[in-house]
Amino acid sequence: MPEHEADGQLATPTHEVRDFLHRRREQIAQRWADEPLFRTVFTVSRDEAVEASKVVVDALAQVADSDQVEDPDAAGFSGVREQLARMGAARSRAGLSNTQVASELAALRPPVENLLAADLEEAPPEHLRACSTALTVLMGTLRLVAMQTALSEWQALSDRQRLQLMEVATPVIRLWDGVVAVPLIGTLDSARSQVVMETLLNAVVDQHARFAILDITGVPTVDSLVAQHLMKTVAAARLMGAQCIVSGIRPAIAQTIVHLGLDLDVITRASLSDALRYALHELGADIVNPGAGQR
């Protein structure tokens, strides 16, 4: 039955929904615990799914109390964002698409609407429609919050994986005592250039390297910003006490550097082997061809 405000009037639709959520908290949680979104995520026990459902119901009641049923940034949602993110991520790992996760979220609405209709069956039709509308909007906002949170988590995961792939694609090779090299293959952008700098400088410290070779034979071209990053990497290595050698500069990259008027105060060699030969010579360990003296 609908409750009344102190002045004898029917409660506002959002406050009616708030009171309904408080009254039917247990029943809603029990029904949600059997829905795929909760049942397949909280698998330890059904009680775990029920308790998780209650947390979401409480959040919805708090949002309804604040009359912010259309606002995904309402304070009431802050307490369930982390839980919704875990649930979305779990369903994603299970192979569900964003659309399928959204459908599972939408499936939470009918059980609640049915309970609300039963609770307000004796209320005036206009009041029932208004309360149903408020509940529909509230559940729609919950769905929006869940998808926004899940998308943020997926984007963060994607960014982490991208960074890990860039680190894997930027190996540091110890060629000789005091000589390290970073052979680069593929497209260079600003983000990867930053990884290159960090990787190379860490290797200089870890290996006590006197020479650091940046081999860009496998890089087809770079833009102006990346060219500047490479020059900054060379300067940073010099500050760390290592002499940097850039090898394998392609004609297109050379033209970019000249066109930009960059100060190319760096040793360059045509190939990685030439760069290694130079470094070894400077270290007093020249390469000798065993067959050079034979007829």
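Things to note:
- Number of positions in the range 8-51 that are under 26 Å from Arg86 (Cα atoms) and either polar (S, T, N, Q) or open to solvent by less than 10 Å² (accessible area, probe 1.4 Å) (or both): 14
- Within the range 208-244, considering residues that are open to solvent by 50 Å² or more (accessible area, probe 1.4 Å) and among the small types (Gly, Ala, Ser), the one farthest from Arg174 (Cα to Cα): Ser224
- Within the range 93-117, the set of residues being open to solvent by 30 Å² or more (accessible area, probe 1.4 Å) and not in a helix (DSSP H, G or I) comprises Ala94, Gly95, Leu96, Ser97, Ala107.
- Being under 30 Å from Asp159 (Cα atoms), without any contact (Cβ under 8 Å) to a residue 60 or more places away in the chain and either open to solvent by less than 70 Å² (accessible area, probe 1.4 Å) or part of a helix (DSSP H, G or I) (or both) is a property that does not hold for Val258.
- Against the numbered list (1) touching a His at 6+ places or on another chain (Cβ under 9 Å); (2) buried (at least 18 other Cβ atoms within 10 Å of the Cβ); (3) of a type in the set (Ser, Thr, Tyr), Ser247 comes up short only at (1).
- Any chance Val55 is in contact with a Gly (Cβ under 8 Å, 6 or more places away or on another chain), crowded, with 16+ Cβ neighbours inside 10 Å and touching a residue at least 24 places away in the same chain (Cβ under 8 Å): no
- Look at the range 84-110: where a residue is touching a residue at least 40 places away in the same chain (Cβ under 8 Å) and a partner is hydroxyl-bearing (Ser, Thr, Tyr), sitting 6+ places away or on another chain with Cβ atoms under 6 Å, you get Leu84/Thr149; Ala85/Thr149.
- Among (1) in contact with a Leu (Cβ under 6 Å, 6 or more places away or on another chain); (2) open to solvent by less than 20 Å² (accessible area, probe 1.4 Å); (3) assigned to a loop (DSSP other than H, G, I, E, B) - the single one Pro72 does not satisfy: (2)
- Residue in the range 153-194 that is modelled with the highest pLDDT, counting only those that are β-branched (Val, Ile, Thr) and surrounded by fewer than 18 Cβ atoms within 10 Å (Cβ to Cβ): Ile173
The values are calculated or read from the model by the stated rules, or taken from the named source; none is laboratory data. No experiment lies behind these values; they were computed from the predicted model shown. Positions of Cβ are generated from backbone atoms using ideal geometry, with glycine treated the same way; all protein chains shown enter the neighbour counts. With ligands, DNA and RNA removed, areas are computed over all heavy atoms of the protein, side chains included. Shrake-Rupley method; radii C 1.70, N 1.55, O 1.52, S 1.80 Å.
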